[in-house]
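Undergrad: For reference, the structure I am asking about is given below.
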Amino acid sequence: MDRVQPAGFSPRNQRFPPVKIQSPIPAPAPGRDRGDVCPLRPRAVIFDLGKVLLDFDYQIALRRLLPRCRVPAEALRHLLLHERLLVEYETGRISTAEFIARLTAATGYQGTEAEFRAGFGDIFTPIEPMVALHAELRARGVPVYVLSNTNELAVDFIRGRYPWFAEFTGYVLSYEHHALKPDPALYVVAERLSGCRGAELFYFDDRPENVAAARDRGWQAVEHTDPERSRAALAATGLLDGAPGHAG
Ligand SMILES: [Mg+2]
């Protein structure tokens, strides 16, 4: 997920080139690129996943995997969270099989792949008010999307555990597009997928740099800190007015 970029990581020092967008969507039209939340009623809502819809704790994974490894806890933690391995995995530069193989080689991991998948994936806790907000938007017929820096193991686990994850209109997952937020390339994918741009899009993300990148494209974007504030920011656009089924 997106709290595990190693120190010093930024799109500028990636060792691979950013994704080339063949037909970039033009920049937002004049007057639609305000840098803050504006009252325009959005046409689609986009959720970050980690720390917005799902809290997560990699310490859980470390505790589960450590007894099967031949390295100290600190070495496992560093390898998993602070080296480039996870970044390469979450940008789709390496496959799930390669990710597991590299971790196994580096740690002497002796468990099964199934144990690894469960140990690595089962680290989430739903943030229920935001899950409920997603359901409310669906009930109102509002298109809803996920835009996440994540990996295949996590998404496989989330799909299997949380039925609501299947109920989004569409998904922009970093490892499928070889780019991590705040790389604009990933935001362009969301614009193409939704058919919306600029202030037509309303976005929740807990990381300020990801919110800033959205605002640079004219999106209405909220730095998610707590569900009540996030819901209030969306409600201020009028999108939650009226009974479900009569809005949108
Ligand atoms: Mg997040």
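Just so you know, all these numbers are worked out from the coordinates, no wet-lab data involved. These figures come from a predicted structure and were not determined experimentally. Neighbour counts are summed over all protein chains in view; Cβ atoms, including those assigned to glycine, are modelled from backbone coordinates with ideal geometry.
Undergrad: How charged is the neighbourhood of Tyr109? Take every other residue with its Cβ under 13 Å from the Cβ of Tyr109, and add Lys/Arg as +1 and Asp/Glu as -1. Walk me through the numbers on the way to the answer.
TA: Numbers: positive: Arg64, Arg68, Arg70, Arg102, Arg117; negative: Glu113, Glu115.
After counting each charged neighbour, the total is +3.
Undergrad: Rounded, prolate or oblate: pick one for the stretch 170-248, where a ≥ b ≥ c are the square roots of the eigenvalues of its C-alpha gyration tensor, a/c under 1.5 means rounded, and failing that, prolate if a/b is larger than b/c, else oblate. Show your work: numbers first, answer last.
TA: On the way: a/c = 2.12, a/b = 1.51, b/c = 1.40.
Prolate.
Undergrad: Then there is this: Over the alpha carbons of the stretch 97-234, what is the largest minus smallest coordinate on each principal axis, giving the biggest first in Å?
TA: Over the stretch 97-234, Cα extents along the principal axes are 49, 29, 25 Å.
Undergrad: Between Ala166 and Arg84, 0.36 nm times their residue separation minus their Cα-Cα distance comes to what?
TA: Values: separation 82, 0.36 × 82 = 29.52 nm, distance 2.97 nm.
The Ala166-Arg84 span can extend by a further 26.5 nm.
Undergrad: Which value in nm describes the separation of the simple spin-label points at Glu128 and Glu74, placed 7 Å from the Cα toward the beta carbon?
TA: Once both label points are built, they end up 4.0 nm from each other.
Undergrad: Also, quick follow-up: Just report the Cα centroid separation between the stretch 178-248 and the stretch 50-105, whole Å.
TA: Value for the Cα centre distance between the two parts: 29 Å.
Undergrad: For the stretch 206-213, what does the Karplus curve 6.51 cos²θ - 1.76 cosθ + 1.60, with θ = phi - 60°, yield as ³J(HN,Hα) per residue in whole Hz, taken in order and with x for Gly and Pro?
TA: Computed from phi, the couplings for the stretch 206-213 are 7, 9, x, 5, 6, 5, 4, 5 Hz.
Undergrad: Moving on. List, in order, the whole-Hz ³J(HN,Hα) value for each residue of the stretch 136-147 obtained from phi through the Karplus relation with A = 6.51, B = -1.76, C = 1.60 and θ = phi - 60°; use x for Gly and Pro.
TA: Values per residue, Gly and Pro as x: 5, 5, 4, 4, 8, x, 7, x, 10, 10, 9, 10 Hz.
Undergrad: What FRET efficiency comes out for Glu228 versus Glu176 if R0 is 41 angstrom and r is the Cβ-Cβ distance? Round to the nearest 0.05.
TA: It comes to 0.80.
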